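The structure under discussion appears below in the form of structure tokens.
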Amino acid sequence: MALIHYFAYGSNMLTERLQSRCASAKARHVACADNWALTFSKRSQDGSGKATISKATDGQVFGVVFDLDESELPELDRFEGAGDGYDRKDDFLVHIDGSQEPLNVVTYIASPTHIDTNLEPFDWYLSLVIAGARQHALPPEYVSALEATPSRADPKADRQSRRKAMELLRGAGP
């Protein structure tokens, strides 16, 4: 079984969410991508903004490196919309505390054609991101910045992805 390193910086940071998509996923490290910034500007099919990253001098994006079975990569591609909103990057570099060498990981970045800087995430989606950041003890100032991100209520209270998110959040604890 070959393992890949996957860098999650959005809602997949919440271990339970990623494991519901890729059962083999195991959180390994908190990591940082230097000279990148997190935004919620990836246009989603539901009209909200999803997490993506973009080049930003002096920026930092924190996230979690998960190991997962390479055989689950097509499933992760499907969930992440690879080729349909997100581009998979197989040679993305992150840094892990205590290591001088960068780690090569897989991650997903929104395609330029799917960026809209006027979007906001739905409140439940942002809550997944924050829950994952807290779960893995990302730096407090980074978590505070996430908590200060503007969001909006989902107009469809019965949306399936919202219901699943709320179930995960109830199970994720404080």
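The table below gives the values:
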item	result
Per-region count, the range 115-124, residues open to solvent by less than 60 Å² (accessible area, probe 1.4 Å) and either touching a helix residue (DSSP H, G or I) at 6+ places or on another chain (Cβ under 8 Å) or assigned to a helix (DSSP H, G or I) (or both)	3
Every pair of residues 6+ apart whose Cβ atoms lie under 8 Å, when the first sits in the range 157-168 and is touching a residue at least 60 places away in the same chain (Cβ under 8 Å) while the second is in a loop (DSSP other than H, G, I, E, B) and open to solvent by less than 60 Å² (accessible area, probe 1.4 Å)	Arg159/Asp46; Ser161/Asp46; Leu168/Leu14
Residues satisfying the stated conditions in the range 81-94, i.e. open to solvent by 30 Å² or more (accessible area, probe 1.4 Å) and in contact with a strand residue (DSSP E or B) (Cβ under 9 Å, 6 or more places away or on another chain)	Ala82, Asp87, Arg88, Lys89, Asp90, Asp91, Leu93
Some residue of the range 61-74 being free of Cβ contacts under 8 Å to residues at least 24 places away in the same chain, of a type outside the set (Asp, Glu) and open to solvent by less than 70 Å² (accessible area, probe 1.4 Å)	no
Count - residues of the range 35-54 that are over 16 Å from the mean Cα position of the chain (by Cα) and part of a strand (DSSP E or B)	1
Members of the range 2-27 found to be crowded, with 24+ Cβ neighbours inside 10 Å and outside any helix (DSSP H, G or I), listed by number	Tyr6, Phe7, Ala8, Tyr9, Gly10, Leu14
Matching residues in the range 111-124 - criterion: being under 30 Å from Asp97 (Cα atoms) and either touching a residue at least 60 places away in the same chain (Cβ under 8 Å) or touching a Ser or Thr at 6+ places or on another chain (Cβ under 6 Å) (or both)	Pro121
Matching residues in the range 157-172 - criterion: being of a type outside the set (A, V, I, L, M, F, W, C) and touching a helix residue (DSSP H, G or I) at 6+ places or on another chain (Cβ under 7 Å)	Arg162, Gly171
Failed item in (1) open to solvent by less than 50 Å² (accessible area, probe 1.4 Å); (2) of a type outside the set (Lys, Arg); (3) over 14 Å from the mean Cα position of the chain (by Cα); (4) more than 24 Å from Ser24 (Cβ to Cβ), with Ile130 passing the rest	(3)
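Residue-wise test of (1) touching a residue at least 12 places away in the same chain (Cβ under 8 Å); (2) at negative phi; (3) exposed (fewer than 12 other Cβ atoms within 10 Å of the Cβ); (4) in contact with a Ser or Thr (Cβ under 8 Å, 6 or more places away or on another chain).
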residue: Thr107; (1), (2), (3), (4): yes, yes, no, no
residue: Leu126; (1), (2), (3), (4): yes, yes, no, yes
residue: Arg152; (1), (2), (3), (4): yes, yes, no, yes
residue: Pro155; (1), (2), (3), (4): no, yes, yes, no
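The values are calculated or read from the model by the stated rules, or taken from the named source; none is laboratory data. Everything numeric here is computed off the predicted structure, so don't read it as measured data. With ideal geometry, Cβ positions are generated from the backbone for all residues, glycine too; neighbour counts draw on all protein chains shown. Side chains included, ligands, DNA and RNA excluded: accessible areas come from the protein's heavy atoms. Shrake-Rupley method; radii C 1.70, N 1.55, O 1.52, S 1.80 Å.
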